[in-house]
Amino acid sequence: MRKEVKKHKNEYGTIKVASYIKNVNNKQRIVISFEDDGTGLNIKKLKEKYPELSQDLNLNKVMNILFSGQVSTKDTVSEFSGRGVGLDAVKQSLKDIGGDLFIESKQDLNQNTEFLKINFNIILPNLN
């Protein structure tokens, strides 16, 4: 039985997808935003693996670490997580075609933050 089911969570999660227009470098771009109902990033584990977050915790530093490659807060590898691959490859692939990937959070980020809920946002490339 998966851990989520053991923790009395729904077996299936929810992903909200939204789109909006954003001005990027004086051009109107379409952004697709993804938000899930998961716990969020385990900031305590990120701080253990990346001590520089303990001194100056901010969203830009978290984002740089997430997109650096080989990042995982899981102790074990499973079919779904812990491999530490993905975000850096997705971001680079989007950049190669003129898009981008960034994260946002509606949550305050401070030294007491245990889990950080984030949204992933994809900026689509211009089609002009």
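Legend: residue pairs Lys27/Lys91; Lys49/Lys74; Lys47/Lys117; Lys45/Lys106; Lys61/Lys106, Cα-Cα distance threshold 18 Å; pairs beyond threshold, Lys27/Lys91; Lys45/Lys106.
Other residues whose C-beta falls under 14 angstrom from the C-beta of Lys117 contribute a net charge of -4, scoring Lys and Arg +1 and Asp and Glu -1. The calculated Kirkwood hydrodynamic radius for the stretch 3-123 is 15.9 Å, given to one decimal from all distinct C-alpha pairs.
Take the Cα of Asn119, step 7 Å toward its Cβ, do the same at Gln28, and the gap between the two points is 1.9 nm.
Any read-out appearing in this document is the output of simple, stated calculations on the displayed coordinates, not a laboratory observation. Here the structure is a predicted model, which means the values were calculated and not measured. Reconstructed Cβ throughout: ideal geometry from the backbone, glycine too, with neighbour counts over all protein chains shown.
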